[in-house]
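Input: a single structure, listed below in structure tokens.
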Amino acid sequence: MPGLVAFGRRWGIASDDLVFPGSFELFIRVLWWIGTLILYTHHKGDFDCNGRILHSYLVGLLVVLGLIILTLSAIVYVSAQGTITNPGPRRSIPALVYLRALLYIPELVWACLGAAWVSDDSKGCDPATVGAVIAAVVASWIILLFTALGVVFVFDPMGNPRPQPAAMEPLGVREDGVQLFSTARSLAVKVWESRLRLLCCCLPQDESHRAAFSSIAQLVSGFFSDTDLVPSDIAAGLALLSQEQDKMERSRDPDDVVSHSPSSPIGEDLETELEKAAHCMQFAAAAYGWPLYIYSNPLTGPCKLSGDCCRSRAAEYDIVGGDHLGCHFSSILQSTGLQYRDFIYVSFHNQIYEIPFFVALDHKREAVLVAVRGTLSLRDVLTDLSAECENLPIEGVCGACYGHKGMSQAAGYIYKKLVNDGILNQAFSVAPEYKLVITGHSLGAGTASLLAILLRNSFPTLQCYAFSPPGGLLSKALADYSKDFVLSVVLGKDLVPRLSIPNMEDLKRRILKIVSNCNKPKYRILLQGCWYELFGGDPDDFPTEMENRREEELSQPLLGEESLIIRHSSSYQSLASDDSPAHKAAHLPLFLPGRILYITEDGPSRRPCFSQVRYRAEWSSEEAFRSILISPSMLADHMPDIVLGALTDLTRDKPFSLCTPTLNSS
């Protein structure tokens, strides 16, 4: 940071990103040079085959490799200098990059000459010599190919440098600056739309998909528009934040009493809720179908499903839609222990804003259970990323009612199926005394929560169990309204319940703050970060306090193209209350649904790989999820099989795992 400017454009790497690729290529080149030197020395004075062509080729190759080695050594050394936000010691990197690019010309020429010699003029020469030359030629072409791929990988379609504004002219009042920023934003949106269309080329390019692409492109391009971060800067910032968070966690007094949220009514039976949650999680996990079943049972799963998959189905299986081979439904039967007659409706139809779900009779809990599947396809990812706010007026709720657009649309789709198609009427005609329970994991949890809100007035006694729901889901009014009938279960440092646009803006601000204050080069940060995550140890003592001048610098956006600094980014404003102008100017705040049951590992945050995990459960509040925690487990804690295992352990080992709320005397 800032991005490297070379060949008249900005690239997706910084001047300190050449240490690792340069060192790797340098290692290969040195071995190559030594091998060529040994070959030349071994055959010195004995180059009689086909004249002196082999002699000239080896001498030229030694010279070209020597120049490349010297250039790479200089690039690695200079790239390792300075810090992330102090590129001054690396100002000579563009010139070295030009020199290295220039050396590709003689290398290409020598690769062509070597290929020609091997194909035409190698008769009568020592087979070992011919083999060595072939290896050198092949290595040359492989390196040239990987170099071309690397150029494509770091190419930034929006990297064209733009005219710098006049030094003394106020940027905020320049009309051409405003126009330039608007043009750049439009270009960024188009670039991201093109990337999404390319990524989703297998999906139909209809109107709904194009609208989703446009919405996601505007979100992503707007998030990255006011920074000059490259991917390695983000990786370094995440490594620093992970160690800083671990250091703060270790400094806490272990005897501190955890404060419990008033979001849970006093006297709520935590143990009972955990048992209900563990039971419902089986259905939420079963909704994923055969992929999760095989993943969770790699040895026995294929054998159990093999007898049911791909065989002809009786007419009674017409209630199952979208499961052409029958493997999904077979895995649901295996996971839940239910019989075919217990299912009212099963749909594996999957499009954007239309996700699979099933309706079954849970006789054990006397419930009509609706289970919604989480993210399992590219269409589901598009639904997840459609994170704009959508109005969701609910009768009887005071305050602004809005929610996550993609999941609101998915909940509306399932609502129409359940109500308009008479699925719930059919279920309750079979079991009229049963109550309605809705559950799901991840995307399914968010959709289930919104579906429960839509059905609440028609079914006042319904309950919803949302496992690992997304953090950016409901407005404050709807989140408070849902506390009476929605229970959210969050495990450990799961990223998704903390994932919202304001939290991402806060994460970006924290990354900028910590990398700008760190006085170590990026390659050391990344190496020490990888070592810490893999092997543990004590967190590195990186500085965390900002100097005044640094704080003032970070009050402005960081951009390589200074002509685009025409607005004050909300990313760098201090986090204020939800009704503050900062929040209104940026994205509307969204919250987790209902009451929150938080499960954490009981013991140190880092433990041996094969040690037994012990869990503890407690009531929490949405304030505890207003910041993203960086950890290797931030993705693993989201997996449905891990969540199910934690709930199973808690309900099996109650005396040691449950944490009852403490009551304050005040």
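Just a few scattered comments:
- Cross-link table K247/K508; K483/K513; K304/K417, entries beyond 26 Å C-alpha to C-alpha: K483/K513; K304/K417
- Reciprocal mean inverse distance between Cα atoms of segment 55-121 - Kirkwood radius, Å: 13.6 Å
- Backbone N under 11 Å from the F7 label point (7 Å along Cα→Cβ), restricted to segment 76-118: 98, 101-102
- One chain, two ends: N391 and I38. Fully extended at 0.36 nm per residue, the span grows by 119.7 nm beyond their Cα-Cα distance.
- Using R0 = 22 Å, the C-beta based FRET efficiency linking Y98 and L145 works out to 0.55.
- Per-residue packing, averaged as other Cβ atoms within 10 Å, sorts the ranges 527-538, 331-342 into the order 331-342, 527-538, beginning with the highest.
- Rounded to the nearest Hz, the phi-derived 3J(HN,Hα) couplings of segment 629-638 under the Karplus curve 6.51 cos²θ - 1.76 cosθ + 1.60 (θ = phi - 60°) are 9, 9, 6, x, 8, 5, 9, 4, 5, 8, where x marks glycine and proline.
- Segment 388-481 - convex hull of alpha carbons, volume per residue in Å³: 91 Å³
- Using a Förster distance of 45 Å, the FRET efficiency for M248-L378 (Cβ separation, nearest 0.05): 0.75
- An ellipsoid equivalent to segment 5-154, defined through the eigenvalues of its Cα gyration tensor, has semi-axes of 35, 15, 11 Å when rounded to whole angstrom and sorted largest first.
- Here, segment 391-443 is characterised by an Rg to Rh ratio of 1.04, where Rg is the alpha-carbon radius of gyration and Rh the Kirkwood radius.
- Charge dipole magnitude, Cβ of K and R +1, D and E -1 - segment 5-154, Cα centre, debye nearest 20: 540 debye
- Taking amide H positions as modeled 1.01 Å from N, with prolines and chain starts lacking one, no residue 5 or more places away or on another chain lies under 5 Å from L229.
- Each label point was placed 7 Å from the Cα along the Cα-to-Cβ direction; for F24 and E275 their separation is 5.5 nm.
- Column: log10 I(q)/I(0), Debye, Cα scatterers of segment 420-546, q = 0.11, 0.12 Å⁻¹: -0.60, -0.66
- Spacing of the two label points (7 Å from each Cα toward its C-beta) at K304 and V419, in nm: 3.7 nm
- The calculated FRET efficiency for L199 paired with D602, based on their beta-carbon distance and R0 = 45 Å, is about 0.65.
No lab work stands behind these numbers, since they all come straight from the coordinates. None of these values were measured; they are calculated from a predicted model. Counting neighbours? That spans all protein chains shown, and the Cβs are built from the backbone with ideal geometry, glycine included.
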